Amino acid sequence: MTLDTPRPRADPHAFVRAELAPPATRWATLRGKLSIYRKLWAVPENRTVSPLIALTRVMDRAPDVVPVLSEQYRRRRGAVFERDLRLLNDVLADSPLAGRYWVWGGMLLGWAREGRLLPRDTGDADFGFAAQDAALFDQAEAQLLAAGFSRGFRFHSRAGVCTERVVVRHGFKFEFFRMDPVDPRTCAFHVYGLGRTGPVEVVGHLPVEALEPFDFLGRSWLKPRDHELLLRACYGDWRTPDSSWQWFDDLSLVSARAWSTEDGSAL
């Protein structure tokens, strides 16, 4: 069975998770990651993205090999990340995207379970916005760039649709996922990563919920009204910490395909 073979309908997540198992060797992993970056930089609008952005996560983890320094380093980075989140909130509050984007993923999980950002998610915040508001994001992004954020990668699906946009500040990633309607109760998002056979494009399904405000980090944000429903859809038992959790463990993932354009050419 390959990634482009129709998936079993009985348990689509089990199929997806099996296909997203990491490559067998470090060399295969390195080749796969280089392939992903080649795909990203092949997109014209990504060609101005600095190579330093690709190295940020590696550099951030380097102090972990020095236990005496790592905790102090994490605290310092965590404080800077919180300041950047507040700045992002302030800028978007005065943008066309105000009231039209929301928190999900690890940031929502940290707030709901522990009342704080999760230490392992420092430097990576996830937000959603409706597909119909893609043009509004373009305008809001210009305001973020003027406030000191930088353009990160834009991720395009096999169909050529920009489904994820990233802005960066101090090496931190602020990821905005386009949510496309599937039916009145379900929306779809795309994520991209490295599976056992190479770069993959993965689709997840989330429940559609009305939005409501909540206070976090000294700012007001939006979240799905029934955030517990969303967290169960992604994490299952979200109340119990799981240090082994990886992105491909997300229970909302329903399909995976090799990441390329439909005609097989480079993105």
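Of Gln143, Phe129, Pro44, which is farthest along the charge dipole of the chain in the positive direction, counting Lys and Arg as +1 and Asp and Glu as -1 at C-beta?
In the chain, that residue is Pro44.
Is the shape of region 141-267 rounded, prolate or oblate, going by the alpha carbon gyration tensor and its root eigenvalues a ≥ b ≥ c, with a/c under 1.5 for rounded and a/b larger than b/c for prolate?
Numbers: a/c = 1.56, a/b = 1.13, b/c = 1.38.
Cα axes put region 141-267 in the oblate bin.
Out of all DSSP beta bridges in region 76-178, what portion is antiparallel? Express it as a percent rounded to 5.
DSSP beta bridges in region 76-178 are roughly 70 percent antiparallel.
Helix-only mean residue ellipticity at 222 nm, the chain, DSSP H runs n ≥ 4 weighted -39,500 (n - 2.57), per residue, nearest 500. What is it?
-11500 deg cm²/dmol
Looking at Leu230, Phe81, Pro23, which one has the Cα that reaches farthest to the positive end of the dipole of the chain (charges on Cβ: Lys, Arg +1; Asp, Glu -1)?
About the Cα centre, the residue reaching furthest to the positive side is Pro23.
Let's see if you can work this out: charge +1 on each Lys and Arg Cβ, -1 on each Asp and Glu Cβ, no other charges. What is the dipole magnitude of the chain about its Cα centre, in debye to the nearest 20?
Value, rounded to 20: 840 debye.
Starting at the first residue of region 245-254, write each ³J(HN,Hα) from the Karplus equation 6.51 cos²θ - 1.76 cosθ + 1.60 with θ = phi - 60°, in whole Hz, x for Gly and Pro.
Each residue of region 245-254 in turn: 5, 10, 4, 7, 7, 4, 6, 7, 6, 10 Hz.
Ala131 versus Ala159, label points 7 Å from Cα toward the beta carbon: distance in nm?
Here the modelled spin labels are 0.5 nm apart.
How large is ³J(HN,Hα), in whole Hz, for each residue of region 160-177 in order, when computed from phi with the Karplus curve 6.51 cos²θ - 1.76 cosθ + 1.60 and θ = phi - 60°, using x for Gly and Pro?
Whole-Hz 3J(HN,Hα) from phi for region 160-177: x, 8, 6, 10, 8, 10, 10, 10, 10, 8, 6, x, 8, 9, 10, 9, 10, 9.
Compute the accessible area per residue over region 109-248, keeping the other protein chains in place, probe 1.4 Å, unit Å².
With all protein chains present, region 109-248 gives 43 Å² per residue.
Note down the nm distance, to one decimal, between modelled labels 7 Å out along Cα→Cβ at Asp138 and at Leu118.
3.4 nm
Beyond 27 Å, what share of the Cα-Cα pairs of the chain is found? Please give it as a whole percent.
Here the long-distance tail beyond 27 Å is 39 percent of all Cα pairs in the chain.
The values are calculated or read from the model by the stated rules, or taken from the named source; none is laboratory data. Given the structure is predicted, the values throughout are model-derived calculations rather than measurements. Here Cβ is always computed from backbone atoms with ideal geometry, including for glycine, and neighbour counts include all displayed protein chains. Note: areas computed on protein heavy atoms with side chains; ligands, DNA, RNA excluded. Shrake-Rupley method; radii C 1.70, N 1.55, O 1.52, S 1.80 Å.
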